[in-house]
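In what follows, a structure is listed as structure tokens, so that the remarks can point back to it.
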Amino acid sequence: MWFILITSGLSILIATFIAYTVLKHRLLRNGAPLPCPPRSLILRNIPLMADAMKKGMHIDLLWKGISEQLGSKIFFVDVIFFKLVVILDVDMAKEVLVTKNYPKSFTYDSFYSLIGGKKSILVSGGNLWHEQRMVFNPGFHYQYLKNLVPIFASNTERLVSILDKRCVTQEVVSMHLLLTKLTMDIICEVVLGVTFNVLTKEEGRTSELYSSFKELMDNVLWFFKRQGIEWTRDYLPWNALTMYRLETRYNNILIPIIKQRMAELEAEPALGSPAPSPKGSWVGGGLEEDPMFRSLPSFGSDHLSLDGSLGTLAGNSDKDMCVLSVALRTAKEKGIKMELDTVLAQVKTFFLAGHDTTATTVSWAIYELAHNKEAEEKMVAEINQVCGGRIPTSDDLSQLTYTGCVVREALRMWPPGGTTRIAPVGATLKGYGIGGHPLYIPHYCLHRDPQLWGEDADEFKPERWLDEDKLQKMNPFAYQPFSKGKRNCIGQTFAVLEARTLLAMLYSKFSFQYAGSEPERQVHNVTSHPKDGVLMRVVSRAGMSQ
């Protein structure tokens with residue numbers, strides 16, 4: 001009896017919710033209706049998405065297929081509780097990201113435990129976002145980051161030592177796993193000023209950082225891939241308790257370090273007037289100061305009118321050079337109060353994005369170079385000519401033009417993700433009604449569009465980035481691995497500089513032979529990853545030359 005009553009009640013609630021949702025969209029819709037793939041009466045387009053995920057298909061490939069099927073570069077998919085608008089048109093993307101600069105979507109809520117919640121610079125808005133971008137900008141500027149290249153290099157030397165041993169044993173290695181651990185070490189040292197040795201140490205503090213993050217990530221992914229029951233993660237007590245336990249374990253590793261950095265700043269004497277900013281804005285993540293990119297203005301970063309400076313950083317000890325200390329000092333100079341939960345959110349965001357993007361990009365670069373020996377030979381020749389066998393400096397990296405092209409091409413073919421915004425009620429886009437809906441821009445689809453990149457859009461060709469005349473004529477929104485506009489990725493310069501360092505050091509010592517049984521594929525795990533980990537055999541260049 002109770003079962004019948006509960007089932008009937010739930011059915012009434014669901015029917016009422018669906019009726020309310022349909023009525024609301026009809027009343028608030030402004031503009032022409034969007035095209036949509038065929039959908040079922042009850043589950044709408046969820047089976048379509050679930051089937052793609054079950055097959056291991058990257059979700060952007062599904063959007064590409066739907067776009068071709070409908071003959072439209074804008075459409076929506078119905079996931080019952082909301083309609084996701086997918087945009088594969090560069091002009092529409094510009095309107096969403098720059099002209100209107102719509103806020104980030106509620107769809108990021110699924111990842112709050114990984115980025116620290118709504119105070120994260122990734123999803124926050126208004127004054128909070130403005131303040132956080134302002135105080136963290138100096139630490140992610142090229143002129144500052146180039147001084148940290150020795151940190152990139154010293155950590156990479158440990159990976160070189162590991163790969164030296166693999167050359168002897170000819171053991172197949174997952175380059176994505178090794179690079180993930182390496183970039184975790186680098187981001188921790190750069191942002192927190194702490195060395196964890198995730199790559200080489202297997203016990204104690206190191207394994208706790210890696211395992212706590214991985215367990216939290218795995219739990220988030222398990223529910224993310226089960227859209228029909230994802231809500232149970234937060235609303236069923238036992239699931240919510242598990243999530244709380246995993247997040248608390250991860251937070252408890254980071255919080256003591258953050259508190260230590262905040263206490264160190266409080267113990268400092270009162271700061272004088274901040275040093276004047278360099279000419280122009282401190283554009284966190286901007287590539288416009290990087291010599292390699294000055295010749296490509298149409299693809300450079302969008303300028304962000306935020307002031308910031310290195311302040312009294314000059315002359316301080318190495319311990320104070322980490323990005324967090326720079327940000328806390330900048331906040332103190334500007335009178336911005338930094339609460340612990342706000343700082344924790346930024347640290348978690350930088351840890352997630354800061355290690356993931358570079359590890360994935362370099363993994364894909366290694367994979368593509370293993371299948372394109374001509375490109376590898378060109379890059380190695382450049383590395384040998386510029387670096388001469390020594391560990392690269394920031395000046396060396398700025399001269400590695402072709403290596404930079406390899407990085408850009410890897411980001412074009414295998415971008416780490418997309419971006420999602422939400423339109424206000426009543427909004428339209430090119431005559432279509434988009435009000436109240438999340439708007440997803442899949443970077444993979446834009447980067448592989450033959451209408452934008454030519455018939456060789458699916459081919460790995462670093463040389464395309466040397467054709468300046470062609471690049472100047474292209475729509476700058478055709479390439480956006482770090483998004484565009486004021487909300488572009490603050491860490492893009494960090495990622496590109498780090499990737500060039502890793503490639504220069506790895507390829508001066510090694511070549512890589514693909515050992516997978518089938519071509520590598522991209523899968524969507526919060527961000528996009530190589531499905532099988534980029535399995536490689538490592539070959540010593542010293543042995544190749546004998």
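A quick yes/no check of all residues on (1) in a helix (DSSP H, G or I); (2) open to solvent by 10 Å² or more (accessible area, probe 1.4 Å); (3) more than 21 Å from Glu374 (Cβ to Cβ):
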site	(1), (2), (3)
Asp469	yes, yes, yes
Phe482	no, yes, yes
Arg500	yes, no, no
Leu503	yes, no, no
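For Glu157, work out the one condition from (1) at pLDDT 95 or above; (2) open to solvent by less than 60 Å² (accessible area, probe 1.4 Å) it doesn't fulfil.
(2)
Sort out for me the helices (runs of 4 or more DSSP H) sitting completely within segment 309-428 that have 1 or more residues that are under 30 Å from Phe82 (Cβ atoms), open to solvent by 10 Å² or more (accessible area, probe 1.4 Å) and aliphatic (A, V, I, L, M).
In segment 309-428, the matching helices (runs of 4 or more DSSP H) lie at 340-370.
Taking the stated definitions as given, is Gly116 of a type outside the set (Ser, Thr, Tyr) and surrounded by fewer than 16 Cβ atoms within 10 Å (Cβ to Cβ)?
No, not satisfied.
Tell me which residues, restricted to segment 111-149, are polar (S, T, N, Q) and under 15 Å from Lys348 (Cα atoms).
Ser113, Ser120, Ser124, Gln132
Tell me, yes or no, whether segment 283-304 has at least one residue that is modelled with pLDDT of 50 or more, of a type outside the set (Lys, Arg) and open to solvent by 10 Å² or more (accessible area, probe 1.4 Å).
For segment 283-304, residues modelled with pLDDT of 50 or more, of a type outside the set (Lys, Arg) and open to solvent by 10 Å² or more (accessible area, probe 1.4 Å): absent.
Residue by residue, here is whether (1) modelled with pLDDT under 90; (2) closer than 14 Å to Leu352 by Cα; (3) of a type in the set (S, T, N, Q) holds:
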residue	(1), (2), (3)
Leu216	no, yes, no
Gln227	yes, no, yes
Ala240	no, no, no
Thr248	no, no, yes
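In segment 515-528, which residue that is closer than 17 Å to Leu369 by Cα and touching a residue at least 40 places away in the same chain (Cβ under 8 Å) is most open to solvent (accessible area, probe 1.4 Å)?
Applying the filter and picking the extreme gives Arg521.
Inside segment 88-141, counting only helices (runs of 4 or more DSSP H) that do not spill past its ends, which hold 2 or more residues that are more than 18 Å from the chain's Cα centre (by Cα)?
90-94, 126-136
Residues in segment 440-453: is at least one open to solvent by 10 Å² or more (accessible area, probe 1.4 Å) and at positive phi?
Checked against the condition, which is being open to solvent by 10 Å² or more (accessible area, probe 1.4 Å) and at positive phi, segment 440-453 yields no hits at all.
Take the residues of segment 497-544 that are under 25 Å from the mean Cα position of the chain (by Cα) and charged (D, E, K, R): which is farthest from Arg226 (Cα to Cα)?
Arg500
Test Lys461 against the stated conditions and say whether it is touching an Asp or Glu at 6+ places or on another chain (Cβ under 9 Å), surrounded by fewer than 23 Cβ atoms within 10 Å (Cβ to Cβ) and not hydrophobic (A, V, I, L, M, F, W, C).
So Lys461 passes the test.
Got a number for residues in segment 121-141 being over 17 Å from Phe224 (Cβ atoms) and surrounded by 17 or more Cβ atoms within 10 Å (Cβ to Cβ)?
14
Any residue that is modelled with pLDDT of 80 or more and part of a helix (DSSP H, G or I) - is there at least one of those in segment 18-38?
No, every residue in segment 18-38 fails to be modelled with pLDDT of 80 or more and part of a helix (DSSP H, G or I).
How many residues are buried (at least 18 other Cβ atoms within 10 Å of the Cβ) and among the hydrophobic types (A, V, I, L, M, F, W, C) when one looks only at segment 93-113?
Final tally of qualifying residues: 4.
The values are calculated or read from the model by the stated rules, or taken from the named source; none is laboratory data. This structure is a prediction, so every number in the text was calculated from the model and none was measured. All Cβ positions, glycine included, derive from the backbone under ideal geometry; neighbour counts span all protein chains shown. Note: accessible area is taken over every heavy atom of the protein model, side chains too, but ligands, DNA and RNA are not part of it. Shrake-Rupley method; radii C 1.70, N 1.55, O 1.52, S 1.80 Å.
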